[in-house]
Each structure stands twice: as structure tokens, then as C-alpha cells.
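Student: Starting off with a structure, shown below.
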Amino acid sequence: VLLKNEKDYLPFKIDEKVLVLGYFASHPRFVGGGSAWVNTHQNISYLQALLKENIPFDYVEAYRKNEYTLNEEELLKSIHKYSKILVFLGQYEEDESEGWDRNSLSLHEEQKQLLSFLKKHQISYASIVVTGSVINIDLLKKDASSILVGYLAGEGMYEAFQDMIYGKISPSGRLPETWISSLDANPMYKDFIQRPIYYSYYDD
């Protein structure tokens, strides 16, 4: 689902030098946990999808769960080489599964650190959000040039990303739910937290 595309930042062109940032580009997450898990024929990351099409790129992991790994000084020395930047963000497998609920809609702190770095140095970028459910993307709405939401779309998901980023197909999906910025924006939230966890009264 394409949520934003300022100044036609997308699609990228094959001859543009591209930098890919973010853990989820090299660690594909494409299916839910628990009873939603399936064994796949293949598990292709975004980087592998680019290599299959011989598309040139550089990659920096930048973060992993609970750790910000970006060497900011080194990246600033080379950032001028890139025409476009693509940032992967989202929820880790441990964040979403059956048997428990998340207690926040926020992006992880290490991902927010990366976005803060990009904003501080006025670096334009497209973003891909990999998640099974709603998260707060206010930072992206303010600062990203483009926003694509992938949800968890199956084993061909990252190849589809590659086709969308380079304009082979149109990201013409629609959101199946309302994306809110805070839990209390949900009309049943206050009732939910006041009652036993296995009973909810839908007052809305």
C-alpha cells in the first residue's frame, strides 16, 4: 500500500546508485507467528531480489533488535554517492504472535534513532514498513519522501517490493484497517483495559 510519494521519489531508476538501510532488508519477515506460520518453498530477502535482477546497490544494516549499529560518521562520508535511499522498518517476529498483545504502537527505539539521523542531516528517503498490524508512523509521515506498507504478504513479498520500487507494477493496494497513532484512538481501548483480559464489551 502506497501511503505517500512526494516529488515522485518513487519509482527508482535502474541506473541510480541506491543505498538500502535496515535490518528487514536482509532478514525477511513475511508471515505471522504461531498458527499463522507456514513453511515456504523459498525465503528471498530484498537484497537477494535485487541481486536476481542485477540491480546495483549498497547495503548497511543500521540496526538490529534493541541495537543501533549505524556508523554515522562513515555513512556521512559516502552519502553523496547515492541518488536514492530506501529504509526498511517494522515489527520483529517477537513483537507479534498469538498469546500476547503489544502494549505500544511505537517503532522500536533503534529504528527511531535511524530516522532521527536521516532527519538531522536532511537526507531524503523512501520507506518500507514490514508489520502484521498497525504501528505509529508519524515520523515517516513528517519526514519520509515515500511510504510503502507491506504487511506480511507471503514468500514473494520482497520480490514484489523490488518490482514496485522500480516501477514494474503499481502499489495499488488499500489499507484494510484504520492506522492510528496511539492506542487510545481506538474507540474500545478504555473499556478493554478496565475489564478482565478475556472479556471485551464493544461499547462503540
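The values are calculated or read from the model by the stated rules, or taken from the named source; none is laboratory data. Note that the coordinates shown come from a computational prediction; the quantities given were computed from them, not determined experimentally. A quick note on method: Cβ atoms are made from the backbone with ideal geometry, for glycine too, and the neighbour counts reach across all protein chains shown. Protein only, heavy atoms only, side chains kept; ligands, DNA and RNA dropped before computing areas. Shrake-Rupley method; radii C 1.70, N 1.55, O 1.52, S 1.80 Å.
Student: Which links in 141/190; 119/141; 4/65 stretch past 19 Å when you go from one Cα to the other?
Tutor: Exceeds cut-off: 141/190; 4/65.
Student: Show me, for the range 133-147, the HN-Hα J-couplings you get by feeding each phi into the Karplus relation (A = 6.51, B = -1.76, C = 1.60, θ = phi - 60°), rounded to Hz, glycine and proline as x.
Tutor: 7, 5, 9, 7, 10, 4, 4, 5, 4, 7, 10, 6, 6, 9, 9
Student: Quick one: if you stick a label point 7 Å off each Cα along the C-beta vector at residue 104 and residue 26, how many nm between them?
Tutor: Using points 7 Å along Cα→Cβ, the separation is 2.5 nm.
Student: Also, I was wondering about something else. For helix 109-120, what angle does its Cα long axis make with the longest principal axis of the chain, in degrees from 0 to 90 and rounded to 10?
Tutor: For 109-120 against the chain, the angle is about 50 degrees.
Student: Just the number, please: carbon plus sulfur as a percent of the accessible area of the range 147-190, 1.4 Å probe, no ligands or DNA/RNA counted. Show your work: numbers first, answer last.
Tutor: Details: 1190 of 2320 Å².
Result for the range 147-190: 52 percent of the exposed heavy-atom area is carbon or sulfur.
Student: A further question follows. The range 150-199 to the range 11-43: how many Å between their Cα centroids?
Tutor: Here the two parts' Cα centres lie 16 Å apart.
Student: For the range 76-204, what does the accessible surface come to per residue with a 1.4 Å probe? Please give it in Å². Kindly include the intermediate steps, with their values, before the conclusion.
Tutor: Working: 7210 Å² over 129 residues.
Solvent-accessible surface per residue comes out at 56 Å².
Student: Considering amide H positions built from the backbone, and no H for Pro or chain starts, which residues 5 or more places from residue 63, or on another chain, come under 5 Å of its amide H?
Tutor: Hits under the 5 Å cutoff: 22, 23, 69.
Student: Now for a different question. Got a number for carbon plus sulfur as a percent of the range 1-57's accessible area, 1.4 Å probe? Please report the intermediate quantities before stating the final value.
Tutor: Details: 1580 of 3160 Å².
It is 50 percent, rounded to a whole number.
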